[in-house]
Amino acid sequence: MLSAEGLRHVFGEGRGQVVALDGVSFTLTSGQTLAIFGPNGAGKTTLLKVLAGLIRPRAGSVRVAGGRRAIGWIGHQSHLYEHLTVRENLLFWATLYGVPAARRAPRAAEVLGRLGMGDRADQPVWSLSRGLAQRAAIAKALIHDPSVLLLDEPFTGLDLAAAAELRALLGELRGGGAAGRVLVLATHNVDEGVELATDVAFQRRGRFVHFAPRAGRGPAEIAEAYRRAVAGGTDG
Amino acid sequence: MSLAHKGRWITLVGLVCLAGVYVRALAFTPVERLQGPAQKIFYLHVPAALWTEAAMILVGLAGIFYLFLKDPRLDRFAAASAEVGTVFATIVLTTGPIWGKPIWGTWWTWDARLTSTLFLFFLYVGYLLVRGAVRDPRLRARYAAVLGICGLCLVPFIHLSVFLFRTLHPQPIIVKPSAPSLPGSMLATWLFSLAAFTLLYVGFVTQRYALSLARDAQQGEHADHA
Amino acid sequence: MGDLLAQAWAVARKDLVLEFRTRTALVSAVVFTALVLTVFNFGRDPTAVPTVDLAPTILWVTFTFAAMLALNRAFQLELENQALEGLLVSPLSRTGLYWGKLVANLVFVAVVEAVGLPLFVLFFDVPVGRVLVPLVGVIALATLGFVAVGTLFSALVIRTRFAELLLVVILLPFLVPPLIGAVQVTARLLGGRPLSESVGYLKLLAAYDIVFVSLASFLFRFTVDE
């Protein structure tokens, strides 16, 4: 369960001030996947950072059931230490996320297996190819079995095959109903996240200009709605 | 009357008082027996040193309150106090040698006041550099508060270290210009000077604060129109 | 509390594994220390001033430089792949992060000092045998003070321009009180004086450590968050 209430945030002050969030509110429950589409600078990353607790907003509040322990973050940067092995990284992050000591090694093995990285577990991160490094980053995000996943443009730099794999994985992870996870996915490319979404939002200049269940709409429809919502409207 | 205006008036009164102090010091206060006319710089030197330290303490206190209250006015005040403190420190560090040369024969001496003020000067410089190196105003205020608080806590250690250090290196001539047992007329001049410096501190800080306020407001206006 | 310690230890352990695995920083710091000691040797006239008079100063200036090197890299480690962001998203308490970094930095500096001290003894032919234990004690006390404040400031500068330069400028004033204490106690120890003569300075060092470890630990959360 994740809820945001009246989130407002600005960067800087005075003339150079940038309004990153301008009154964003929503609630998500298990099994929901919110895809947030918006152009660069719309405030998507800021919103995710506020949800993750990285930034304290000027106004408004966020509630995540389970607190920071329940959040997994997948962003542009992997948060992995290059000179540690994949397994060492996972064990470190598992410790920080409060995974009980006895569970850490088995859990790491489990996640590595699921991502098909079992044989690379003891390689240092610097030696991995980009695609594998990406997978390692996902492993790190999943190591503590988070009930909320925040994804900031996760498909960036992935080729079609890797992107499809990731979509499939996310679909699995999302689960369903009460046992499912909450996913919040931010991207500027409608095609990438549409199929996964149960709910869709368009963000522009820090505001949700559209927020509704996907209700079976296909990528083309959503893309059209997006073009209208984001390209239209008055500036200022 | 606007804040800047008030500040200017206070500073003016302070400067007039300071001039008065000088007239008094030069014409009406007796010449000190041991040190001669050069001792008169002491009327300028000591109050400036006291306010250098007081300004740092105020920067630290403003920092503590800022971290709890997050009021940008506190940060503006801290910045103003730090700049004024730096100016006063410079006054101390320049008048000290000017005084020291005729009395001790050297330009610099590691006496308690000069050494402490030198420390404070470095603290101020570091503080202002950090302020200059951070663009985001909130982050800047937070970092400045942290550094200010650390500076505040360092002040007693500065005194302690200087005291301990000096007991090992006694001054060649024992001069205690800060002894409270000053003859009446000297004490009066000194107190008058302290009052003048207090006015100067308040006046300068008010003006500097007003300048910050004006700058922030101006940027705010533009943001509204954007 | 147990959680805090476990987290802090995880951070410290991770840092130390990284440092010992890559070794670059450690080796550079050790080599630097040796170089500084060498330079000191060539920078003095052994006939003019007996070594034992300068020895404490040489030792402590060298250790101060070594500590600065160590502190510069403390948070650099977290910049690759934005690991710091990962740490801040996780449930890791800011205080736990501070303690973890503090321990890792202390170990790093301790290793450098452990190489530096024998080199110092060797190069300057200083008799430390009888006073080795109290000397190591003083080194530990002073180093804790340096590193406690330095760890706080090294986090503060990462989001500023010219981080390494700024770190040195803001940190040095804070290193002077423990430095004074350390040099004075070291001088007395090397001079064969009884420990009772150094009590004032030892108290200074202890007080400094208590105040600044607590302060830095508390203020850390204000420096590391965005």
(request) Give me the orientation-averaged projected area of the Cα convex hull of the stretch A:22-143, in nm², one decimal. (result) 8.9 nm²
(request) Could you tell me the distance between the Cα centroids of the stretch A:201-231 and the stretch A:146-166, to the nearest Å? (result) 20 Å
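If we count every other residue with Cβ under 10 angstrom of residue A:95's Cβ, Lys/Arg +1 and Asp/Glu -1, where does the sum land?
Numbers: positive: A:104, C:13, C:14; negative: none.
The answer is +3.
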(message) Could you identify which residue out of A:83, A:144, A:210 has the top mean-square fluctuation in a GNM of chain A using Cα springs shorter than 10 Å?
(response) A:83
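If r is the Cβ-Cβ distance from residue A:3 to residue C:225 and R0 is 30 Å, what FRET efficiency results, to the nearest 0.05? Write out the running numbers ahead of the final one.
On the way: r = 22 Å, r/R0 = 0.74.
Given R0 = 30 Å and the Cβ-Cβ separation, E is 0.85.
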(request) For residue A:103, put the label point 7 Å out on the Cα→Cβ axis and report which residues of the stretch A:127-148 keep their amide N under 17 Å from it. (result) A:140-148
(request) Treating cross-link reach as a plain straight distance, find the lysines whose alpha-carbon is under 20 Å from the alpha-carbon of residue B:40, omitting any fewer than eight places away in the same chain. (result) B:101, B:176
(request) Quick one: among C:57, C:143, C:160, which has the greatest mean-square fluctuation in a GNM of chain C with alpha-carbon springs under 10 angstrom? (result) C:160
(message) Modelling each spin label as a point 7 Å along the Cα-to-Cβ direction, I'd like the residue C:110/residue A:189 distance in nm, to one decimal.
(response) 5.0 nm
(request) Please work out the FRET efficiency for the pair residue A:179 and residue C:79, using the Cβ-Cβ distance as r and a Förster radius of 41 Å; give the result to the nearest 0.05. (result) 0.60
(request) Quick one: which residues, 5+ away or cross-chain, put their amide H under 5 Å from the amide H of residue A:72? H built at 1.01 Å from N. (result) A:148, A:149, A:150
(request) Work out which trypsin sites (Lys or Arg not before Pro) in chain C are exposed loop sites (DSSP not H, G, I, E or B, at most 15 other Cβ within 10 Å) and give the longest gap free of them. (result) C:45-160
(request) Compute the signed sum of charges (Lys and Arg +1, Asp and Glu -1) over the other residues within less than 14 Å, Cβ to Cβ, of residue C:101. (result) +2
(request) Report the normalised scattering of the stretch C:151-203 as log10 I(q)/I(0) at q = 0.28 Å⁻¹, calculated by the Debye formula with identical scatterers on the alpha carbons. (result) -0.98
(message) How long are the semi-axes of the equivalent ellipsoid of chain A, defined as square roots of 5 times the Cα gyration tensor eigenvalues? Whole Å, largest first.
(response) 31, 20, 17
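For residue A:61 and residue B:112, FRET efficiency with R0 = 60 Å and r from the beta-carbon atoms, rounded to 0.05? Present the calculation step by step, with values, prior to reporting the outcome.
Numbers: r = 52 Å, r/R0 = 0.87.
After rounding to 0.05, the efficiency reads 0.70.
What helices does chain C have that are whole DSSP H segments, at least 18 Å long along their own axis by Cα, and with mean Kyte-Doolittle hydropathy of 1.6 or more?
Numbers: long enough: C:2-22 (30 Å, 0.22); C:24-42 (27 Å, 2.09); C:51-74 (34 Å, 1.16); C:94-124 (43 Å, 1.54); C:132-157 (36 Å, 2.32); C:163-190 (37 Å, 1.96); C:199-224 (36 Å, 1.53).
Qualifying helices, which must be both long enough and hydrophobic enough, are C:24-42, C:132-157, C:163-190.
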(message) Place a point 7 Å from Cα of residue C:193 in the direction of its Cβ. Which residues in the stretch C:139-157 have their backbone N less than 18 Å from it?
(response) C:139, C:142
(message) Could you work out the pair-distance distribution P(r) of the stretch C:2-224 from its alpha-carbon pairs, with 10 angstrom bin width and percents rounded to whole numbers?
(response) 8, 33, 35, 18, 6, 1, 0
(message) Just to check, using Stokes-Einstein with a Kirkwood Rh over alpha carbon pairs, what's the diffusion coefficient of the protein assembly as shown at 10 °C and 1.306 mPa s in µm²/s?
(response) 55 µm²/s
(message) For residue C:14, give me every one of the lysines with a C-alpha distance below 18 angstrom, ignoring sequence neighbours fewer than eight places off in its own chain.
(response) A:140, C:101
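Since every read-out is calculated from the coordinates, none of them should be taken as a lab result. Keep in mind that what you see is a predicted model, and the values were worked out from it rather than measured. Cβ atoms come from the backbone with ideal geometry, glycine included; neighbour counts cover every protein chain shown.
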